[in-house]
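As structure tokens, the structure follows; a few thoughts come after it.
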Amino acid sequence: MKIFLDTANLDQIKEAASWGILDGVTTNPTLVSKENMKFEDLIKKICQVVPGPVSVECVSTASKDIINEARGLAKLAENVAVKIPINLEGLKATKVLSQEGIKVNTTLIFSSNQALLAAKAGTAFVSPFIGRLDDISHEGMGLVDEIMAIFNNYGFATEVIVASIRHPLHVVEAAMTGADIATIPFGVLEKMVKHPLTDIGMERFLKDWEKVKR
Ligand code: E4P
């Protein structure tokens, strides 16, 4: 499973990249709004740090405007993938942009039918938001299972990004579904490496090492 970082924070991106596990980044308007930097400069910098896809969201709502905005975003760096929310205008834009070779990440996916339509329109990625479904008492990971089954049935090349991840167990569950990618907040990524028994084991080994005659 590829690991993307779900943030627009450059320090977090640089840190995660230094761990050798980072395959890409996803941003959205909310994440970008938290950074005190000019939007285009921020995206260019992120794209320099991360060799893999960096998702950047379009905020236009009519297909013609989405297409123009996406073409502009794609020019910022070679590894930009444009994020487009799923709706009819977004689908129309997705068809045009994917035919031009621009990678689209269809976002705000909450049903497998939305994912199916996005895949048919040629999107490179779909992003089901599992945490937001869990938040309203729907089983988010069930949606990922459905999408994976549908994409496997028909051999769609579209990759599934498990998004809106809230905790490390979500990552385990995402990997168990066989999803292509999980996009993970930095805090969750940090928790994934930790285990109290590892800390206790390390402490004991270091203490015992002091007793070794040298
Ligand atoms: C990723 O593409 C999404 O923007 C992100 O995972 C949304 O997460 P949230 O539901 O925690 O805002």
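Take E35 and decide whether it is touching a residue at least 24 places away in the same chain (Cβ under 8 Å) and over 20 Å from I165 (Cα atoms). In short, yes. Residues in the range 109-127 that are closer than 21 Å to F4 by Cβ and not in a helix (DSSP H, G or I): I109, F110, G122, T123, A124, F125, V126, S127. Here the helices (runs of 4 or more DSSP H) wholly within the range 1-58 that include at least 2 residues being closer than 26 Å to A93 by Cβ, away from the ligand (no atom under 11 Å from the Cβ) and of a type in the set (D, E, K, R) are 39-49.
So that you can scan it fast, the table gives a plain yes or no per residue for (1) out of contact with any helix residue (DSSP H, G or I) (no Cβ under 6 Å at 6 or more places or on another chain); (2) not hydroxyl-bearing (S, T, Y):
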| residue | (1), (2) |
| --- | --- |
| N9 | yes, yes |
| E15 | yes, yes |
| I21 | yes, yes |
| S33 | yes, no |
| L76 | no, yes |
| V104 | no, yes |
| A119 | yes, yes |
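Within the range 45-61, the residues that satisfy the criterion of being touching a residue at least 40 places away in the same chain (Cβ under 8 Å) and open to solvent by 10 Å² or more (accessible area, probe 1.4 Å) are G52, P53, E57. Select from the range 145-186 the residues that are part of a helix (DSSP H, G or I), open to solvent by less than 20 Å² (accessible area, probe 1.4 Å) and within 13 Å of the ligand (Cβ to nearest atom) and list them in ascending order. Hits for the range 145-186 are H170, V171, A174. Condition (residue is closer than 16 Å to I181 by Cβ, within 13 Å of the chain's Cα centre (by Cα) and open to solvent by 10 Å² or more (accessible area, probe 1.4 Å)) applied to the range 29-44: is it met by at least one residue? No, the range 29-44 contains no residue that is closer than 16 Å to I181 by Cβ, within 13 Å of the chain's Cα centre (by Cα) and open to solvent by 10 Å² or more (accessible area, probe 1.4 Å).
The values are calculated or read from the model by the stated rules, or taken from the named source; none is laboratory data. These numbers were taken from a predicted model, which means no experiment stands behind them. Cβ coordinates were reconstructed from backbone atoms using ideal geometry, including for glycine residues, and neighbour counts include every protein chain displayed. Areas reflect the complete protein model, heavy atoms only, side chains present, ligands, DNA and RNA absent. Shrake-Rupley method; radii C 1.70, N 1.55, O 1.52, S 1.80 Å.
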